[in-house]
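Encoded as structure tokens, the structure appears first; notes follow it.
The values are calculated or read from the model by the stated rules, or taken from the named source; none is laboratory data. The shown structure was predicted, so the numbers you read here are calculated from the model rather than taken from an experiment. Glycine gets a Cβ as well: all are built from the backbone with ideal geometry, and neighbour counts include every protein chain shown. Just the protein is used for accessible areas: all its heavy atoms, side chains included, with ligands, DNA and RNA removed. Shrake-Rupley method; radii C 1.70, N 1.55, O 1.52, S 1.80 Å.
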Amino acid sequence: MRPRAAAERRDDQPAFVLHAYPYKETSLIVEAFTREHGRVGMVARGAKRPRSDLRGLLQAFQPIAVSYAGAAELKTLVKAEWRGGAPPPTGHALLSGFYLNELLLKLLPREDPHPDLWDTYETALGALAAAGATAAQATVLRRFEVSLLAALGYALPLTHEAEGGAAIDPSARYHYAFDRGARPYAAEPGVRWPVVRGATLLALAESRYPDGETATEAKRLMRDILDHYLDSRRIESRRILADLQALDGEH
């Protein structure tokens with residue numbers, strides 16, 4: 001018989017709730033993003049009870065500190081406390097925040113620590129809360145997408161060509177080959193990589209979008225790249241954001 005793994009306990013870990021869903025009659029399963037231990041799944045026992053202290057804390061975008069224990073992949077939440085901080089995103093920015101959460105849930109393995117990415121996420125939430133215009137929110141999303149891929153080992157080469165290392169020409173067009181980078185555009189049959197202007201690649205590298213065409217092309221390229229790594233897993237918040245943006249365009 002194999003010996004049972006010793007139960008671990010982590011106390012007062014800075015965290016954000018990415019998602020929570022019902023478990024049995026009175027409990028929740030919580031997916032949290034912790035700074036020092038990455039994404040952690042936890043059972044929050046009794047969290048659905050009307051008088052539970054956890055009810056108001058286990059919400060997305062709330063800066064909290066969690067204590068949890070357990071040897072299995074799914075831990076037991078022992079305590080959660082509000083850490084205080086900037087106000088959460090609201091309105092359209094709230095949906096942008098849910099988009100970030102969905103990316104983390106579907107791309108970040110459990111218990112894979114990424115403290116720098118956690119800091120980037122916290123900064124992104126603050127920037128979304130402060131961003132009024134949709135264009136400003138889009139800049140925050142593109143910056144986070146690039147940072148997330150880099151943290152997962154998929155850093156995007158954006159300033160130099162994949163073969164030969166020549167500097168990207170802002171006036172040229174390129175194929176963007178997944179896992180490799182930019183190659184000079186050629187109208188070759190069978191080539192299915194996204195086509196993108198050099199100016200857009202440099203805009204992604206600098207996180208600055210001088211015009212709507214560049215911003216739209218950057219969004220389209222990042223969607224293609226993320227879909228490659230998502231491997232058919234859908235991001236539901238994208239559809240809602242697209243619907244809202246379409247409605248805004250009608251007014």
Exercise. State the Cα centre-to-centre distance between region 1-69 and region 171-242 in whole Å.
Key: 36
Quiz item: To the nearest 20 debye, what charge dipole does region 28-181 have about its Cα centre, counting +1 at the Cβ of each Lys and Arg and -1 at the Cβ of each Asp and Glu?
Solution: 860
Exercise. For every other residue with a beta carbon closer than 14 angstrom to the beta carbon of residue 203, add +1 if it is Lys or Arg and -1 if Asp or Glu, then tell me the sum.
Key: 0
Quiz item: For the chain, modelled as a GNM with alpha-carbon contacts under 10 angstrom, which of 127, 162, 93 fluctuates the most?
Solution: 162
Self-check item: Built amide H within the under 5 Å cut-off of residue 39, gap 5+
Solution: 34, 111, 112
Quiz item: For the chain, what is the relative contact order in percent, using Cα pairs closer than 8 Å and at least 6 residues apart in sequence?
Solution: 14
Practice problem: With label points built 7 Å along Cα→Cβ from the Cα atoms of residue 78 and residue 133, find their separation and express it in nm. | Solution: 4.9
Quiz prompt | Gain on full stretching of the segment that runs from residue 224 to residue 172 - 0.36 nm per residue minus C-alpha separation | solution = 16.7 nm
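Once the other residues with Cβ under 12 Å from the Cβ of residue 159 are scored (Lys, Arg +1; Asp, Glu -1), what is the net sum?
With Lys, Arg at +1 and Asp, Glu at -1, the neighbours total -3.
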Quiz prompt | Positive-end extreme of charge dipole, region 122-178 - chosen from 177, 155, 136 (charges on Cβ) | solution = 136
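Give the relative contact order (percent, whole number) for region 106-251; include only Cα pairs under 8 Å separated by 6+ residues.
Computed over region 106-251, the figure is 19 percent.
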Quiz prompt | Nonlocal amide H pairs with residue 61, under 5 Å, H built at 1.01 Å | solution = 17
Quiz item: Considering only protein heavy atoms and a 1.4 Å probe, what is the carbon-and-sulfur percentage of the accessible area of region 41-104?
Solution: 53
